[in-house]
Amino acid sequence: MAASGRQGPGAAVPEASAGAPKAGETAAARLKERIYATITITAVVVALSETAHPEHLESALTVAVTALGVWLATLVADEQSHRALTGRGATLGEIRAALYVSSPLLLSAVGPLVLIGVSALGVLELDDALLLSAVLAAATLFVWGWRTGLRMGNGPLSAVVSGLVDTLIGMAVIAVKLLVGH
């Protein structure tokens, strides 16, 4: 954007700051990645729970490799789309920003991995740990939707509806992934 020549609060924003993401945009992008990964990992956990005799190591590796694979695929897609739009590779700063925004993809595996580890210690059965992982993920989707509803200012009932809608959408996506996978 070119400067308008005006001074004061109505002056045009200089070109250098026009492309920088705002803190809210970065937070939204990170939350989007976390929600996507939560739905993906939950589908994997549910699929593992439906296998005849899931094992701890196999389950942990499946969850970890899925999270790593989704994260790497996101980084590759970000870089390819960046090159397509700009005609150049990402700078070090842009790579750091992409790593920061996409890191929640890896965090989505922590809960299930902890519960699988607790199960390996004999505290609960693996099937129960996998089911609990899915329930906690559904609760997380609800909380994110509920908080979004509250932030929109439409009242507590609207926030609960928002949480329920987000949870139902997430569960529908998981159901589709499971149906396609079988």
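Report the Cα-based extents of the chain along its three principal axes, largest first, to the nearest Å.
Here the spans come out as 70, 44, 31 Å, largest first.
How large is ³J(HN,Hα), in whole Hz, for each residue of the stretch 24-34 in order, when computed from phi with the Karplus curve 6.51 cos²θ - 1.76 cosθ + 1.60 and θ = phi - 60°, using x for Gly and Pro?
x, 5, 5, 4, 5, 5, 5, 5, 4, 4, 5
Below 13 angstrom from the Cβ of residue 134, what's the summed charge of the other residues (Lys, Arg +1; Asp, Glu -1)?
Result for the local shell: -2.
Could you work out the longest stretch of the chain that avoids the trypsin sites (Lys or Arg not before Pro) located in DSSP loops with at most 14 other Cβ atoms within 10 Å?
89-182
Identify which of 70, 46, 135 has the largest mean-square fluctuation in a Gaussian network model of the chain, with springs joining Cα atoms closer than 10 Å.
Maximum fluctuation in the GNM of the chain, among the listed residues, is at 135.
From the square roots a ≥ b ≥ c of the eigenvalues of the alpha-carbon gyration tensor of the stretch 39-147, which class results: rounded (a/c under 1.5), prolate (a/b over b/c), or oblate?
prolate
Stokes-Einstein at 4 °C, 1.567 mPa s, Kirkwood radius from Cα pairs: D for the stretch 130-182 in µm² s⁻¹?
The calculation lands on 113 µm²/s.
Quick one, what does Rg over Rh come out to for the stretch 42-88 if you take C-alpha atoms and the Kirkwood Rh?
1.27
Which number do you get for Rg(Cα) / (2.2 N^0.38 Å) in the stretch 82-146?
Against the compact-globule rule of thumb, the ratio is 1.67.
Mean-square fluctuation check for the chain, GNM, Cα pairs under 10 Å: which of 81, 103, 162 is largest?
Of the options given, 81 has the highest mean-square fluctuation.
Out of the total accessible area of the chain (probe 1.4 Å, heavy atoms of protein only), what percent is carbon and sulfur?
So the carbon and sulfur contribution to the accessible surface is 69 percent.
Quick one: what are the phi-derived ³J(HN,Hα) couplings along the stretch 38-46, Karplus 6.51/-1.76/1.60 with θ = phi - 60°, whole Hz, x for glycine and proline?
4, 5, 5, 5, 5, 4, 5, 5, 5
So what's the net charge close to residue 58: Lys and Arg +1, Asp and Glu -1, counting the other residues with Cβ under 14 Å from its Cβ?
Overall, the nearby charge balance is -3.
Could you state the principal axis extents of the C-alpha atoms in the stretch 60-118, from the largest down, to the nearest angstrom?
In descending order, the Cα extents are 48, 18, 12 Å.
Looking only at 156, 54, 112, which one moves most when the chain is put into a Gaussian network model with springs between Cα atoms under 10 Å?
Most flexible of the set in this elastic network: 156.
The values are calculated or read from the model by the stated rules, or taken from the named source; none is laboratory data. As the structure is a prediction and not an experimental result, all values here were calculated from the model. Every residue, glycine among them, receives a Cβ derived from its backbone with ideal geometry; neighbour counts consider all protein chains shown. Protein only, heavy atoms only, side chains kept; ligands, DNA and RNA dropped before computing areas. Shrake-Rupley method; radii C 1.70, N 1.55, O 1.52, S 1.80 Å.
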